[in-house]
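Notes follow the structure.
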Amino acid sequence: MPEPQMVMFAEEFHQIQAIVDTLVKSSNASVVFIIDKNGQLIAAAGESDHIDTTSLASLTAGNIAATGGMAKLLREREFTTQFHEGEHANIHIQLVDNRVILV
């Protein structure tokens with residue numbers, strides 16, 4: 001069943017964006033995204049000019065959904081953390097409060 005659409009006021013968006021801006025600086029990450037479970041990009045900070053953010057958001061949400069299916073098969077509620085290590089880039093995916101995804 002699809003997740004309900006998230007409604008956000010401008011003030012809430014600015015608060016989230018400020019947190020993401022701080023997180024990208026303090027974590028030494030190249031880029032930080034907040035994505036809803038439907039694959040919509042909520043906020044981004046960092047060097048995202050060279051990234052197809054729409055595709056990454058959609059694929060990340062799909063990844064979370066697939067991992068959730070695997071968790072249920074293994075009688076787990078959810079796997080909330082994923083880490084993928086590549087030759088030149090790494091990605092950390094964290095499900096936050098079962099509502100949004102931190103990438």
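The values are calculated or read from the model by the stated rules, or taken from the named source; none is laboratory data. Predicted model only: the values in this text are computed from it and were never measured. To get the accessible areas, we keep the full protein, side chains included, count just its heavy atoms, and leave off ligands, DNA and RNA. Shrake-Rupley method; radii C 1.70, N 1.55, O 1.52, S 1.80 Å.
Taken per residue, the accessible surface of the chain reaches 71 Å², heavy atoms only and a 1.4 Å probe.
P(r) tail, the range 45-89: Cα-Cα pairs separated by more than 13 Å, 66% of all pairs. In a fully extended conformation the segment linking HIS50 and ASN28 would gain 6.2 nm over its present Cα-Cα distance, using 0.36 nm per residue. Between amide H atoms placed 1.01 Å from N, distances below 5 Å from ALA43 occur with ILE34, all of them 5 or more places distant or on a separate chain. Summary of the geometry: the range 20-42 and the range 51-100, compared by the centres of their Cα atoms, lie 14 Å apart.
Global size of the chain: 13.9, 40 Å for Rg and Dmax (C-alpha atoms, Rg to one decimal, Dmax whole).
Here the accessible area is traced with a 1.4 Å probe on the protein chains. For the chain, carbon and sulfur cover 55 percent of it.
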